Structures are given as C-alpha cells and as structure tokens.
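These notes are about the structure you will find just below.
The values are calculated or read from the model by the stated rules, or taken from the named source; none is laboratory data. Since the model is a prediction, treat every value here as computed from it, not as a measurement. As a convention, Cβ positions derive from the backbone with ideal geometry for all residues, glycine included, and neighbour counts pool all protein chains shown.
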Amino acid sequence: MTRKKIYCRVALLLCLTGLLPASGAFAGAQVYEPLSASVRAVLQRNVSDRPAPNLAFDTQYKADVWLREMSRRLQKRIPDAKARVDFLGTVHYEATRAGLEPELVLGLIEVESGFKKYAVSKAGARGYMQVMPFWVKEIGAKDHNLFHLRINLRYGCTILRHYLDMERGNLFRALGRYNGSLGRPEYPNLVKAAWHNKWSLLPKTADSGYRPSGG
C-alpha cells in the first residue's frame, strides 16, 4: 500500500471516529478563477440575500422525521437545541435551493469545519462551509458576513453547485475544486464517507457522477 493510500485511510478513520481536530482539519481553499459575465450574473442572483422559509418537504411529517433524526445525530456537535434546529433548517433549505442533497452538505461541513461557525483555515476560508473571502467581492455585497449562518451556507451551496455544473455533474471533481485539491482523492473520499456513513437516511448507493479513486 502506498504512503498516499495509508494517509487517506488513516485520515478517513479519524474523521469518522471524531478524533480529528474540530476546526477545519481538512479545510482547503477554493481557487480563484475569472468568471464570465453571464456566470457572474447567475451566481450574484443565487447569493442574493433572501430569508429561508420552512423546510422544503412534501409533508410536515417528512420534515419532522428528517429534522428529528438529524438533530439527534448533530446533538454532540451543536448542543443547543434551538441553534441546532435553526442550523439544520437552513442547511436543508439552502442545499435544496441549490439542487444539492442536504445530507451531502452536512458531510461537507463536517469535513471542512467540524460544524464550527467561526472556523478559519490557514488559507483564510471562513465559517461552516469554509468559503473564501474573494467570493464576496466576486458575486456578493460588501455587507455579506461569511460567519453569518445563512450567508455562509448560501455561498457554500451556490459555489458547490457552480463547480458541479462546471464538471457536468462529476461530484468527485466538483468536491476537489471546492477544496482546492482537484485531482486528489483524499478530500472527496472523506466527504463521501461522512455523507453516506453519518448523515444519509437511505441505504448506501453509488451517487451519480461520483468517481472515487485512490482507495
């Protein structure tokens, strides 16, 4: 087994057992790439500041089941019940709004920031979803605070959606772009493992577009 594979497996084990440092242990940095005027306009519209409504479920029963189960799983990370429900409701809305699985976003947040609201990476990425500040200048407004729950999740989900569109639905490559580690397997594999092993409500299936490697 190569050193790279050993590192990836050890890191995955630490992540899944909760032994990694709580703040941004695998946080990377989205890499600045010039945007076309049309793409910038779409992203600007997508991060425009609108309050999140209720959870986007077909029925209240489904909403209650999801929220109760996710709240149970998240309790150790966010002990305050009110803050936990607010967080989960915002995650579900922003992920659904961007066409993402909310459980995928929870897995990404776990790996990026360990659910630390004020996490800052060595590269300067901020908040739950470790958003780089250059995005505010590119597509946002001066008063957008990346430590604000809804703003951080709005940006993070919008950026991941943007990368998924760039990569034509290839989640492995989109996650690599999100973390600034395109082409390397460690980060995408960690997010996928957290998503399926800790947050998914469904049996483990091969998610469309995911191309695991290195393991």
Residues of region 138-151 that turn out to be assigned to a loop (DSSP other than H, G, I, E, B) and surrounded by fewer than 21 Cβ atoms within 10 Å (Cβ to Cβ), as a count: 7
Residue list for region 97-106, filter: within 18 Å of Ser71 (Cα to Cα) and surrounded by fewer than 20 Cβ atoms within 10 Å (Cβ to Cβ): Glu101
Residue match in region 76-95 (condition: in contact with a helix residue (DSSP H, G or I) (Cβ under 8 Å, 6 or more places away or on another chain), small (Gly, Ala, Ser) and more than 19 Å from His148 (Cα to Cα)): no
Arg154 vs. criteria without any contact (Cβ under 8 Å) to a residue 60 or more places away in the chain, charged (D, E, K, R) and crowded, with 19+ Cβ neighbours inside 10 Å: no
Residue check, Leu35 of a type outside the set (Val, Ile, Thr), at pLDDT below 90 and over 21 Å from His196 (Cα atoms): yes
Count of residues meeting criterion [over 16 Å from Ile109 (Cβ atoms) and in contact (Cβ under 8 Å) with a residue 24 or more places away in the chain] in region 183-194: 4
Matching entry among Ser181, Ser208 (being at pLDDT below 95, surrounded by fewer than 13 Cβ atoms within 10 Å (Cβ to Cβ) and polar (S, T, N, Q)): Ser208
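So that you can scan it fast, the table gives a plain yes or no per residue for (1) at pLDDT 95 or above; (2) under 17 Å from Gln30 (Cα atoms); (3) buried (at least 18 other Cβ atoms within 10 Å of the Cβ):
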| residue | (1), (2), (3) |
| --- | --- |
| Leu108 | yes, yes, yes |
| Gly114 | yes, no, yes |
| Lys117 | yes, no, no |
| Val136 | no, yes, yes |
| Gly176 | yes, yes, yes |
Number of positions in region 121-137 that are touching a residue at least 60 places away in the same chain (Cβ under 8 Å), among the aliphatic types (A, V, I, L, M) and out of contact with any Lys or Arg (no Cβ under 9 Å at 6 or more places or on another chain): 3
